[in-house]
Amino acid sequence: MLVTHNETSTAVTNDLKSIAAVVKEAGKLLIVDGISSIGSINLPVDEWHVDIAISGSQKGWMVRPG
């Protein structure tokens, strides 16, 4: 399942911990779009059993890439 952790345009942060529990119970992979959240919002990938986390931390900080 692909889930966006934080939606930039609306500032909505999904309850990823709860979503991850349901996805893992179903035995599925969890892929998280953390482009605007990783580095800015807590996302403990091991604890929440995130299989793949995609990052671009500069977006959460509103700075240039790199």
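The values are calculated or read from the model by the stated rules, or taken from the named source; none is laboratory data. Please read these numbers as outputs of a predicted model, since none were measured by experiment. No Cβ is skipped: glycine too gets one built from the backbone with ideal geometry, and neighbour counts run over all protein chains shown. Heads up: the accessible areas ignore ligands, DNA and RNA and are worked out on the full protein's heavy atoms, side chains in. Shrake-Rupley method; radii C 1.70, N 1.55, O 1.52, S 1.80 Å.
If you compute log10 I(q)/I(0) by the Debye sum over Cα atoms at q = 0.28, 0.29 Å⁻¹ for the structure shown, which of (i) -1.40, -1.52; (ii) -1.15, -1.18; (iii) -1.25, -1.31 do you land on?
Only one listed value fits the structure, namely (iii).
Please report the antiparallel percentage of DSSP beta bridges with both residues in the chain, rounded to the nearest 5. Could the numbers behind the result be given before it?
On the way: 2 of 9 bridges.
Approximately 20 percent, going by the DSSP bridge assignments.
Which residue, 37, 18, 55, has the most motion in a Gaussian network model of the chain that connects Cα atoms within less than 10 Å?
Answer for the Gaussian network model of the chain: 18.
Which whole-number value in Å² is the accessible area per residue of the chain, probe 1.4 Å? All intermediate terms of the calculation are to be shown ahead of the outcome.
Numbers: 4450 Å² over 66 residues.
Computed with neighbouring chains in place, this is 67 Å² per residue.
Going by alpha carbons, how many degrees (0 to 90, nearest 10) lie between the helix axis of 16-25 and the longest principal axis of the chain?
30
First compute the accessible area of the chain with a 1.4 Å probe, then give the percent of it belonging to carbon and sulfur atoms. If you can, show how the numbers build up before the last one.
Working: 2550 of 4450 Å².
Carbon plus sulfur share of accessible area: 57 percent.
Could you work out the local net charge near residue 20, counting Lys and Arg as +1, Asp and Glu as -1, over the other residues with Cβ closer than 12 Å to its Cβ? Mind showing how you got there, number by number?
Numbers: positive: 17, 24, 28; negative: 15, 25, 46, 47, 51.
Residues close to residue 20 contribute a combined charge of -2.
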